[in-house]
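Input: a single structure, listed below in structure tokens.
The values are calculated or read from the model by the stated rules, or taken from the named source; none is laboratory data. Predicted, not measured: the structure shown is a model, and the values here were computed from it. Backbone-built Cβ (ideal geometry, glycine too); neighbour counts: all protein chains shown. What goes into the accessible areas is simple: the full protein's heavy atoms, side chains included, and nothing from ligands, DNA or RNA. Shrake-Rupley method; radii C 1.70, N 1.55, O 1.52, S 1.80 Å.
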Amino acid sequence: MPKQSVKDISHKDRTVLMRVDFNVPLDADGRIIDDRRIRMAIPTIEHVLKEGGRLVLMSHLGRPAGTGPEAAFSLKPVAERLDDLLGKHHGVRFATDCVGALARDGVNSIEPGDALVLENLRFHAGEKKNDPEFAASLAELADVYVNDAFGTAHRDHASMVGVPEHMSGKPHVAGLLLMKELEYLSSAITEAKAPFYAVLGGAKVSDKLGAIRYLLDKVDVILVGGAMAYTFLSSQGHVIGKSLVEEDMIEIAGQLLQAAQDKGKKILLPEDHQCSTSLDDLEGVRNCELGIPPDCMGLDIGPETARAWKEEISKAKTVVWNGPLGVFEKPPFDRGSRAVAEGIADATKHHAVSIVGGGETAAAIESFDMAKRFSHISTGGGASLKMLEGVSFRSVELLDEA
Ligand code: AMP
């Protein structure tokens, strides 16, 4: 069901409580290493502020113990960065607690068009437990609830589900970032144009099992690379040297290959491999066809597979990609992912819709400086994978229908 967004309601003179994902990486001195998550939330934040709303922002940051404040996980540096990013048109204040008198005083101190960042939700154990009392104390702060935290959409935490449940009769709407994620990871997949390709890689079959099962009914072709491929190749009796393999998944991998065949779908596996004796043995890198010698491991798809897959994927009209095809962090094992990324970017240029799951795949594409050549790069690793498994989120179900 389509959801209402921040654009469907008025914010003027209202106090708007917005859940965002400000879980940014910090260095040892508490400085922000990458502010992408803050920047991604700006369009929704500016929308509310420009309409004259009083905006109260809440987020988690890192993994504090949940027993009280911890300086290393404070959102204060995030509030300061947001203040810089918004410029002088809007003021940004910071409240040293997210509930209670300090939070209420903070909310009362802001003018329409200004924002208040609440301290880390996870300093309270009630956030992760979805404690009703904690959720109620957040809910009482505002007149409107906005969820723009796609990265946390799969978590039934207080700020994601308890708060909207405690704000009955008041609007619950999606932020612009959440709307975009839902549009791409839901409608673009269920109403995909053929040929529809999925590219799956990364470390483990077990992590992607749900996605493979769901996507098998939707796509025409799945390209399987990364360490995952070796479990599939093992199930076909290929010799894979000392490549990573999940022994307890070999049988299931075989069943998936059979299921694909029964459904008339193609699962393509790499036919050559960039191998070495270890990740650190760059002198010993060589190309192997099957099988891989006993002292070697496959660390990327090989050049012939990369060339063939690049050409194949450029025919796609819809592509979803989750999981790098090799150890992209360590050249030359980035070449397979790079080649397939080029193929997908080519397809996108010819009007294909290309969707990249977050996490490691997004990091790979950023490192290739190719982000702009895809239709959508998700901001949520875990949440985007859940959506590729066809899971629907309670946090989204609770938002008002359009
Ligand atoms: P995931 O988070 O499951 O998508 O896994 C991503 C990780 O898989 C990356 O850090 C890659 O380095 C790793 N990876 C990809 N291909 C291989 C491979 N052939 N052998 C070992 N690790 C791999």
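Structure values in brief
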quantity	calculated
Sequence-distant residues sharing a close amide H with Phe94 (under 5 Å, placed H)	Val117
Label point distance in nm, Phe368-Asp131, each placed 7 Å from Cα along Cα→Cβ	4.6 nm
MRE, 222 nm, helices only [DSSP H, n ≥ 4, -39500 (n - 2.57), over the chain, to nearest 500]	-10000 deg cm²/dmol
Under 5 Å, built H, 5+ apart or other chain: amide partners of Thr15	Arg54, Asp143, Val144
Euclidean distance of C-alpha centroids, region 52-76 and region 183-225, integer Å	35 Å
Residue-span extension gain [Asp13 to Glu289] - 0.36 nm each, minus C-alpha spacing	92.7 nm
Translational diffusion of the chain, µm² s⁻¹ [Kirkwood Rh, Cα pairs; Stokes-Einstein; 37 °C; 0.692 mPa s]	146 µm²/s
Segment Arg394-Thr67, extension gain: residue separation times 0.36 nm, minus the distance between their alpha carbons	115.1 nm
Heavy-atom accessible area per residue - region 1-158, 1.4 Å, Å²	44 Å²
Solvent-accessible area per residue for region 184-388 (1.4 angstrom probe, square angstrom)	42 Å²
Rounded, prolate or oblate (a/c below 1.5 giving rounded, otherwise prolate when a/b exceeds b/c) for region 6-177 by Cα gyration tensor	rounded
Given Lys266/Lys317; Lys50/Lys88; Lys3/Lys218; Lys180/Lys315; Lys349/Lys386, the pairs whose alpha carbons are separated by over 19 Å	Lys3/Lys218; Lys180/Lys315; Lys349/Lys386
Carbon and sulfur %, accessible surface of the chain computed with the full protein complex present, 1.4 Å	48 percent
